[in-house]
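In what follows, a single structure is set out as structure tokens and then discussed.
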Amino acid sequence: MAVEPAASASSIHALRQAAALDTGIPWPLAQGETLAFTASLQRRLLEDEDRLPSGDDRDPEFLTARVPFSLPACGLALNDVFARMEEVLRLTPSSASRRFVNQLFGGREPVAVAAESLALWRNPSMYTFKAAGAQVLVENAVLAHMRRHAGFDAGEGLFVPGGSLANLAALLLARDRAAPEAREHGLARHLAVYASSESHYSLSKNAGIAGLGRQAFRAVPVDRDGRMDVGALERRIEQDRQQDLRPAMIVATAGTTVRGAFDDIARVARVARSSGAWLHVDGALGASLLLSPRHRHLLRGVEQADSLAWNPHKLMGIPLQSAALLLARRGGLARSFDERADYLFQADDDAFNPGHRSLQCGRRADAFKLWAAWLHLGDDGWAARVDRQLLLAARAAELIAADAELELCEAPMSVNVCFRATGCAAEEVCERLDRAGRLKIGFGDFRGDRVLRLVCVNPALTDHDLRMILAEVRSVAREIRAAPPGRIGRPAAARAS
Ligand SMILES: *Cc1c(COP(=O)(O)O)cnc(C)c1O
């Protein structure tokens, strides 16, 4: 396994001693050897994928004491570096594990992983065509294709580092439309943002960042199915108007974080039109359902929105980060984000220099991995993938409903399945499963109650895996009922002290 490093710690020492350019020692050090290490390490990590860290390996203090995280003054030999990397990676959970159902991402598209790692050997930055070349055209092609799925054919778009920032960019565009003075002089009027009480936390955070103030965020109540109550939205806007507060943006969530619910976009769009507010659809989770002819009706009305956030790093299995903001019309991005920078923008038409339309300066080529996976799967493959994810959720719900020790909260609206382990606190179930390295599963609020949330986002799961996952929950629930918290185990607070 060990490859003898060409440039060892001692040759680095020689290099320093020589303090000259022509020492005969090549720079960068160890490029070829690094490639050899990578291939074998990748294979070993894949073989180990379903093993999650457990017990003391789950304890930050234990890990801090055990793994030498600190950096040395003198460089280590390459095989020592790789051994250290392997150790840390083995203590890093794999989100492609069959036992990882904790978050709204999981599983992987291997072609996308390959594209991601290969792109690093070019390491372009997406501000100019001069620095990124064909990657700019890749991004344009991917964005145009995604826009067609959303019904934004004449619009524009941008890859951003995550749905939170897609929501932020949308809010800045909405702010600048509602308050054209804001970008140049700061906000001179009071604006408000509306979204359901089950919307993502980034919306309130972004209201703070964008200068509206977190107090400008309005959490509109939801109906029993977790969808924004549109009547309550209208009443709140009217009430705010009387206080001289203008609605800058209404956010319809397509796929809420806990329940996977879809707001009625078409109805919310009517309110946005009559109130003059920007309509943003937060589809970080659910926009991928546009790819399925069977399920895209859940986003009915999306083509009437001004913008859409869509995270391929969630339902599409693209490695983080891959998130796009799509706009129905052109021009807004440059109006809100363009700056002059003669040292950067020196060649080519602005249309091919995305830095004019970006929140960032340096930017990764995040479209490339999605493009590669899309080449392989095609629209048909994505439809089949999404349908499979929803089928998994429906199947999990069926298994839960038939289980005397589990309680299904509601029929799943997309990939999220909310349920209870009868007689057990959801937090306790999650904590014990995690510490034992058996399952990473999370909890959330369902109508004011803490419940388990199983996310069926990894299409590699099978009926057998779902049974395994539920069996783990059942078995830990039995343990809890036999020995409730306080009688065994160390509670989280005690561990931290
Ligand atoms: C995940 C999620 C976000 C945030 O996306 P990141 O890529 O994690 O920043 C925003 N909104 C919704 C509805 C989400 O599910």
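Below is a table of values for the structure above.
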| item | result |
| --- | --- |
| Elements of type strands (runs of 3 or more DSSP E) contained in segment 258-350, each with 2 or more residues being open to solvent by less than 10 Å² (accessible area, probe 1.4 Å) and more than 30 Å from ALA114 (Cβ to Cβ) | 278-283 |
| Top-ranked residue in segment 78-110 [being buried (at least 18 other Cβ atoms within 10 Å of the Cβ) and farther than 30 Å from GLY286 by Cβ; ranked as farthest from the chain's Cα centre (by Cα)] | LEU78 |
| Close pairs from segment 120-134: first within 19 Å of GLN31 (Cβ to Cβ), partner among the β-branched types (Val, Ile, Thr) and surrounded by 12 or more Cβ atoms within 10 Å (Cβ to Cβ), Cβ under 9 Å, at least 6 apart | PRO124/VAL136 |
| Residue in segment 212-221 that is surrounded by the fewest Cβ atoms within 10 Å (Cβ to Cβ), counting only those that are away from the ligand (no atom under 16 Å from the Cβ) and closer than 21 Å to VAL271 by Cβ | PRO221 |
| Residue count, segment 161-211 (criterion: more than 10 Å from the ligand (Cβ to nearest atom), open to solvent by less than 20 Å² (accessible area, probe 1.4 Å), closer than 28 Å to MET126 by Cα and not in a helix (DSSP H, G or I)) | 1 |
| Residue list for segment 431-446, filter: outside any strand (DSSP E or B) and open to solvent by 10 Å² or more (accessible area, probe 1.4 Å) | GLU431, ARG432, ASP434, ARG435, ALA436, GLY437, ARG438 |
| The one condition in (1) on the phi < 0 side of the Ramachandran plot; (2) open to solvent by less than 50 Å² (accessible area, probe 1.4 Å) that ALA404 fails to fulfil | (2) |
| Within segment 30-47, tally of residues that are open to solvent by 40 Å² or more (accessible area, probe 1.4 Å) and either within 23 Å of VAL101 (Cα to Cα) or charged (D, E, K, R) (or both) | 6 |
| Filter pass, ASP449 being surrounded by fewer than 19 Cβ atoms within 10 Å (Cβ to Cβ), touching a His at 6+ places or on another chain (Cβ under 9 Å) and of a type in the set (D, E, K, R) | no |
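The values are calculated or read from the model by the stated rules, or taken from the named source; none is laboratory data. Not measured: the values here are computed from a predicted model. With ideal geometry, Cβ positions are generated from the backbone for all residues, glycine too; neighbour counts draw on all protein chains shown. With ligands, DNA and RNA removed, areas are computed over all heavy atoms of the protein, side chains included. Shrake-Rupley method; radii C 1.70, N 1.55, O 1.52, S 1.80 Å.
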